[in-house]
Amino acid sequence: MKKILLSAYLVFAFVLTGLAQAAPNLEINTPAINALKSSMQKRHNQLAPHYQSGAVGLTKNGMIAIRDAKAVPLKHRQGINQLVAAENADRGKLYKEIAVANGHPEWESGIRDSFAGRWIDKAKSGWYFQGKGGWVKK
Amino acid sequence: MKRNSLILLLAAFLTACVTINIYFPAAAAQEVADEIIDDVWQLKQGEAEDDAAAQENTNAETPAEK
């Protein structure tokens, strides 16, 4: 009986350790993540007018996409393709880096989903995002 | 018999531990997303308002759940 009580006690200790780990903070202060952040921050000044005009919208998978190329003057259309591709490359790397930096590469898609929701929540009014039935103006 | 149920209880606790350790920290991921998006989109000046709004949402949701 004593033995059983002792093992029960040990198991409780394990449970408490588990609970302590249940609400962790994710590490985002790594050189790779900081570099991606500053690259995206610089690009945002170029992207912001396109979000506002509706040329570019936020997708439901945490990326961005060209929604209405006609909203961009013809001479800038090539540029916007590159801008969107570069932003998406950074976003993809960011989600992956956060997962890897926290020792759980398999969290990548969960992190992507979290970001997807928050990008849309924080978007300014007038910007477009992908809803269930297609593009929605916020 | 008593011993069997105790062993079963222990097994349940151990399973709970494993569940906790592989669980995806959704709340932490959201916090991290907020922090990074605020930086990238330079929304820092609106942070106090966001916090207040989040607080209101929590207050509004709690009675609805009950």
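The values are calculated or read from the model by the stated rules, or taken from the named source; none is laboratory data. What you are looking at is a predicted structure, and each value in this text was computed from that prediction instead of being measured. All Cβ positions, even for glycine, are placed from backbone atoms using ideal geometry, and neighbour counts span all protein chains on display. The protein model used for the area step is the full one, side chains on, heavy atoms only, and it has no ligands, DNA or RNA in it. Shrake-Rupley method; radii C 1.70, N 1.55, O 1.52, S 1.80 Å.
Tabulated data for the structure shown
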| read-out | value |
| --- | --- |
| Any chance A:Arg112 is touching a helix residue (DSSP H, G or I) at 6+ places or on another chain (Cβ under 9 Å) and closer than 27 Å to A:Pro31 by Cα | yes |
| Residue match in the range A:68-80 (condition: within 15 Å of the chain's Cα centre (by Cα) and open to solvent by 20 Å² or more (accessible area, probe 1.4 Å)) | no |
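The rows are residues; the columns are (1) at pLDDT 80 or above; (2) closer than 17 Å to A:Ala116 by Cβ; (3) surrounded by fewer than 13 Cβ atoms within 10 Å (Cβ to Cβ).
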position	(1), (2), (3)
B:Lys2	no, no, yes
B:Leu8	yes, no, yes
B:Leu14	no, no, no
B:Asn21	no, no, yes
B:Ala29	yes, yes, no
B:Val40	yes, yes, no
B:Ala53	no, no, yes
B:Asn59	no, no, yes
